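Heads up: the structure comes next, in structure tokens.
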Amino acid sequence: MNELDALVAGARESFALAATPADLENAKARYLGKTGRITELMKGLAALSVAEKKTHGAAINLAKQAIEDALGNRRQALADAELETQLKAEALDVTLPGRQRGQGGLHPVSLTLERIEAIFCSQGFEVAEGPEIESDWFNFTALNTPEDHPARSMHDTFYVEGGSEKAPNLLRTHTSPMQIRHAVQHVKCYRAALDAGLSMPEIRVIAPGRTYRVDSDATHSPMFHQCEGLWIGENVSFKDLKVVFTDFCRTFFESEDLVLRFRPSFFPFTEPSAEIDIQFQRGPMAGRWLEVAGSGQVHPNVVRNMGLDPERYIGFAFGMGPDRLTMLRYGVNDLRLFFDGDVRFLSQFR
Ligand code: DAH
């Protein structure tokens, strides 16, 4: 191999060994720089004869060209490799779906509450809301609940600060206190008419909302929902309760052949009292009796606490559990799912 071939081979090898563009430029300087091997050879031509200049010059030019080509190739290869690493480092999957703002929706129990309100409003009821921190008076006493009733124990009721020892504050254990609150307000508006012996418009109201008890398992949560109903007038009977509640259940479950059963029961604030059970005729729960509400004719003591004369005013009340209605409607078997806040569960109701 002549000297020039060896030079070109050496250049190729050192270019190949250059791992970075900076290494490569250093290697280039050794061959093509001001004091590089090729440059030195070119300078050496001056001392040669014209004929030798021609042949040697041409050979050196060929070698220079070969070295420049090798340099260009290596530059390109290093640039390609750098781009490749950069692309890998900044890997971008253009097939991924874009980031969107998640679409929210109403909680299943809220959907039920809206449904309950719409159905009762269509039957001439209004909707009332009241405080979740209640006084012992509205929650128990005004509702004819005896001083020693077990529901009043710390075991069942969350007592909160405020109020006095005799009249403590608590988290309402049911929505029934809204019977008193709403009726008292209603009666206040018609006090003058009532005192003059005139009659007042009927009280027809539902009161949905959160309620609290010291209780927690698959079917009980310390916070749950109730919806109270109250209908008071001069001529309201248990028959009206049956008609209204039957119509409500059939509309709510979209099931015309749904059957209701009023099973005798006891509540301090109603007399007589009944537990309301429903029975589906079709579907997975067909034939089973399912309890959905408590109800009854409003107790005379409660009517009195509303500011009305129980000899003249009579009516009925009911209290149902919207959580349970939601479980039945959607086939949910664990109440806690409603309150865990798991979006995978909740998004199914969007
Ligand atoms: N407040 C009762 C409870 O929490 C439910 C209830 C029963 C409400 C009978 C009523 C009623 O209005 O008449 O268990």
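The values are calculated or read from the model by the stated rules, or taken from the named source; none is laboratory data. Remember, it's a predicted structure, so these values are computed and weren't measured experimentally. Cβ sites come from the backbone with ideal geometry, for glycine too, and all protein chains shown count toward neighbours.
Being within 16 Å of the ligand (Cβ to nearest atom), among the charged types (D, E, K, R) and within 31 Å of the chain's Cα centre (by Cα), is that true of even one residue in the stretch 135-149?
So far as the stretch 135-149 goes, no, none of its residues is within 16 Å of the ligand (Cβ to nearest atom), among the charged types (D, E, K, R) and within 31 Å of the chain's Cα centre (by Cα).
Return the residues of the stretch 138-149 that are surrounded by 15 or more Cβ atoms within 10 Å (Cβ to Cβ) and not aliphatic (A, V, I, L, M); say none if nothing qualifies.
Passing the criteria: 138, 139, 140, 141, 144, 145.
Quick check: anything in the stretch 156-163 at pLDDT below 95, buried (at least 16 other Cβ atoms within 10 Å of the Cβ), on the phi > 0 side of the Ramachandran plot and assigned by TED's automatic domain parsing to the domain that holds residue 324?
yes
For residue 265, indicate whether it is hydroxyl-bearing (Ser, Thr, Tyr), surrounded by fewer than 19 Cβ atoms within 10 Å (Cβ to Cβ) and within 14 Å of the ligand (Cβ to nearest atom).
For residue 265, the condition - hydroxyl-bearing (Ser, Thr, Tyr), surrounded by fewer than 19 Cβ atoms within 10 Å (Cβ to Cβ) and within 14 Å of the ligand (Cβ to nearest atom) - is met.
In the stretch 52-85, which residues are among the small types (Gly, Ala, Ser) and either within 17 Å of residue 29 (Cα to Cα) or touching a Lys or Arg at 6+ places or on another chain (Cβ under 7 Å) (or both)?
Going residue by residue through the stretch 52-85, those that are among the small types (Gly, Ala, Ser) are 57-59, 63, 66, 70, 72, 77, 79, 81.
Scanning the stretch 52-85 gives 63, 66, 70, 72.
Identify all residues within the stretch 268-315 that are within 11 Å of the ligand (Cβ to nearest atom) and among the hydroxyl-bearing types (Ser, Thr, Tyr); write none if there are none.
270, 273, 295
Just wondering, is there one or more residues in the stretch 116-127 that are free of Cβ contacts under 8 Å to residues at least 40 places away in the same chain and acidic (Asp, Glu)?
no
Scan the stretch 230-239 and give yes if some residue there is in a helix (DSSP H, G or I), touching a strand residue (DSSP E or B) at 6+ places or on another chain (Cβ under 7 Å) and either more than 13 Å from the ligand (Cβ to nearest atom) or not polar (S, T, N, Q) (or both), otherwise no.
There is at least one residue in the stretch 230-239 that is in a helix (DSSP H, G or I), touching a strand residue (DSSP E or B) at 6+ places or on another chain (Cβ under 7 Å) and either more than 13 Å from the ligand (Cβ to nearest atom) or not polar (S, T, N, Q) (or both).
So, residue 337, is that one touching a residue at least 24 places away in the same chain (Cβ under 8 Å) and more than 16 Å from the ligand (Cβ to nearest atom) or not?
Details: touching a residue at least 24 places away in the same chain (Cβ under 8 Å): no; more than 16 Å from the ligand (Cβ to nearest atom): yes.
The answer is no for residue 337.
Which residues, counting only those in the stretch 173-189, are buried (at least 17 other Cβ atoms within 10 Å of the Cβ) and of a type outside the set (A, V, I, L, M, F, W, C)?
173, 174, 175, 176, 177, 179, 181, 182, 186
In the stretch 100-119, is there at least one residue being polar (S, T, N, Q), at pLDDT 90 or above and under 30 Å from residue 228 (Cβ atoms)?
Checked the stretch 100-119: at least one residue is polar (S, T, N, Q), at pLDDT 90 or above and under 30 Å from residue 228 (Cβ atoms).
Can you confirm whether the stretch 321-328 contains a residue that is at pLDDT 95 or above, within 14 Å of the ligand (Cβ to nearest atom) and within 14 Å of residue 142 (Cβ to Cβ)?
Within the stretch 321-328 (the criterion being at pLDDT 95 or above, within 14 Å of the ligand (Cβ to nearest atom) and within 14 Å of residue 142 (Cβ to Cβ)), the answer is no, since none of the residues qualifies.
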